[in-house]
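The values are calculated or read from the model by the stated rules, or taken from the named source; none is laboratory data. What you are looking at is a predicted structure, and each value in this text was computed from that prediction instead of being measured. Reconstructed Cβ throughout: ideal geometry from the backbone, glycine too, with neighbour counts over all protein chains shown.
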Amino acid sequence: MSAPAPVGARDGDAPTDASLTLLGIPGATQAEVDTFWLTRVYQGDRMPQLTVRAVALGAGLGVLTCATNLYAGLKTGVAFGVAITAALLASATHGALRRLVPRAAGAPLSLLEMGCAQTVASSAGYATGGALVSVQGAWLLTTGHHLPVWTLLSWTFLLSALGVLFAVPFKRQLVDREQLPFASGTAAAATVRALHAGGETSRPRLRMLGVGGLVSGALTLARDGLGRLPYAWAFPGTLGGVSLERLGFALETGLMPVGGGALLGVRITASMLLGALLVHGVIAPRLMASGVVPLEGDFLAWALWPGAAALTTASLLQFALQARVFGRALRGLSRRTAGVRHPVEALQVPGRWLFAGLLVLTPATVALAWVGFAVPVPHALLAVALSFVLCLISCRVTGETDVSPVGALGQVTQLTYGVLLPGNVEANLATAGITVNAASSAADLLTDLKAGHLLGAHPRRVFLAQLLGCVVGSLVVVPLFYLLVPDASALGSERFPAPAAAVTAGVARVLASGVDAVSPDLRSAMAWAALGAVVLTLCEQALPERFRRWTPSAVGVGLAFLLPASTSLGFFLGGLGWAVARRLKPASEGPGVTLAAGLIAGEGLVGVGIVLARALW
């Protein structure tokens, strides 16, 4: 039976302030959640969304986000989460255009047009540059030469578009059913709504957004722009004969982790703190004392491996435990699915789009891997299939923690091909590039779909906006990469230390002789991390609800292995502060979300401005 055509919310059913706290769609069953969203939140048929001016605005901002994220990645190894930044820039830019050229700018952007511009800009800035910063930089370091422009341009677009397609089957499960936080997407939705709303109800949220942005931005300017603040204040004392400062225990002066922690919640952030205490407070001192990791060495390079093992194991096990649900999600992509479907299914990306896209992109990716990188066809096909699984991991981890573990997932691919193609450094890097680009693109799509879901946007139009952003990003970021990095000597310099590229190149060289190059102690740590992830994941699934909320999150603990202890502490302080505020004053939920968004956006905007200013002057 075909589903009835979906309709937008009627005037009398317009979203209420209570229904749009942006922390979840209420309902006792999935059918009730879908019905509430369709009748009380969805506005895709009531206002314009994927318009020419929204796409053009997003594309223009995408040029800026591409440039700044590429520069920041080469400089620090960190890519800015640009969803919130893009939303603020879209509003400010169009507002300025309406004052300067009112006829050309037209009426104010609708809520969904602003969200569309944010999606295009976010996709351009985030989904296309991750592999350039790490894998292509590593390629340049190991081979000594650039790839041809046409190869890298095609490679970047194909893989980012492939990641967008891979994320489609996960949307209904992770965004609609589980309602994972996707903190940047939630904050972007809060930002868009606060900027667009009018009247008395919007003022507290706008005020909190401004306060958060000003405080966070001022601290970032004082620290990164003027050099008046340290990056963090180290804790005094020692553990196991190693100073707490060396172990990374400090209070960061940036407030972006605090804002992110407020949106993630206390359970996830407490799990991250627990993981940080374990890995940095217990394991690191012992390894340094025994000489396994040099006292002045990079402990995070060691911890990356067990962290990747924990994240991979937890995500795959969660996938296996929910195989039936994911199977229904995949079958739901087909119009021929038997039975009565909820009307909300008619709004999702059709299965024929997914299958048609895969029929085009998969052979093109495999052919380019063979022609451009000399990866054997069977191994290239396996890399594409592996990337689908790793995209699931990336989407789930991003949904729960707001940090996309593309670096760790790239190491998983490198380890796999260290076994399959030992000694082939080029193939090792090329297959890692498939994973990194696809995983970052998939996570970004679900982040934007989360924002669109909370705003009531049409999911198909968000998907199309994401693909358009991939086109814009590829056309901008690849030529810029050649301009900023003309040869290998530019990397590893004071201007572009390129830590992500150095780590990726180092792993490729180590694995050139096969998996035996991984030390026995590291393999043992990976096994223990995987076992711990299994135990925690099974507890999350099997324990009664009153105990489950006290069970540490395997994903949160695993992610702490990849982050400095100070960053995990910042996330926890944000989660704890949010929990206390909600208990003391439940009415603070709406303004609190925009305060958290302001903390994230303030540091992001000022940080991007500093990077851009230094790049131009």
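Being under 27 Å from S160 (Cβ atoms) and either of a type outside the set (K, R) or touching a helix residue (DSSP H, G or I) at 6+ places or on another chain (Cβ under 6 Å) (or both) holds for only one residue in A104, A87, A96, and it is A87.
Residues are listed down the side, and each one gets a yes or a no for (1) closer than 19 Å to L70 by Cα; (2) buried (at least 20 other Cβ atoms within 10 Å of the Cβ); (3) charged (D, E, K, R):
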residue	(1), (2), (3)
P102	no, no, no
A105	no, no, no
P108	no, no, no
L112	no, yes, no
G115	no, yes, no
A131	yes, yes, no
G144	no, no, no
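Would you say S519 is under 28 Å from S154 (Cα atoms), modelled with pLDDT under 85 and of a type in the set (S, T, Y)? Judged against the criteria, S519 is not a match.
Quick one: count up the residues across the stretch 338-378 that are in a helix (DSSP H, G or I), over 16 Å from S160 (Cα atoms) and not hydrophobic (A, V, I, L, M, F, W, C). So the count comes out to 6.
Please indicate, with yes or no, whether at least one residue in the stretch 399-422 is surrounded by fewer than 16 Cβ atoms within 10 Å (Cβ to Cβ), more than 23 Å from the chain's Cα centre (by Cα), in a helix (DSSP H, G or I) and aliphatic (A, V, I, L, M). There is at least one residue in the stretch 399-422 that is surrounded by fewer than 16 Cβ atoms within 10 Å (Cβ to Cβ), more than 23 Å from the chain's Cα centre (by Cα), in a helix (DSSP H, G or I) and aliphatic (A, V, I, L, M). Looking only at the stretch 282-298, residues that are of a type in the set (G, A, S) and within 12 Å of L247 (Cα to Cα) come to 2 in all.
Evaluate the stretch 85-102: report whether one residue or more is assigned to a loop (DSSP other than H, G, I, E, B), within 22 Å of the chain's Cα centre (by Cα) and either modelled with pLDDT under 85 or of a type outside the set (D, E) (or both). No; the residues of the stretch 85-102 include none that is assigned to a loop (DSSP other than H, G, I, E, B), within 22 Å of the chain's Cα centre (by Cα) and either modelled with pLDDT under 85 or of a type outside the set (D, E) (or both). One residue stands out among those in the stretch 477-496 that are more than 29 Å from A59 (Cα to Cα) and not in a helix (DSSP H, G or I): the one that is modelled with the highest pLDDT, which is G492.
Just checking, which of G291, G275, G261, G254 is under 21 Å from W528 (Cα atoms), touching a helix residue (DSSP H, G or I) at 6+ places or on another chain (Cβ under 8 Å) and at pLDDT 80 or above? Of G291, G275, G261, G254, the one residue that is under 21 Å from W528 (Cα atoms), touching a helix residue (DSSP H, G or I) at 6+ places or on another chain (Cβ under 8 Å) and at pLDDT 80 or above is G275. Within the stretch 1-43, count every residue that is at pLDDT 80 or above and in contact with a Gly (Cβ under 6 Å, 6 or more places away or on another chain). Result for the stretch 1-43: 5.
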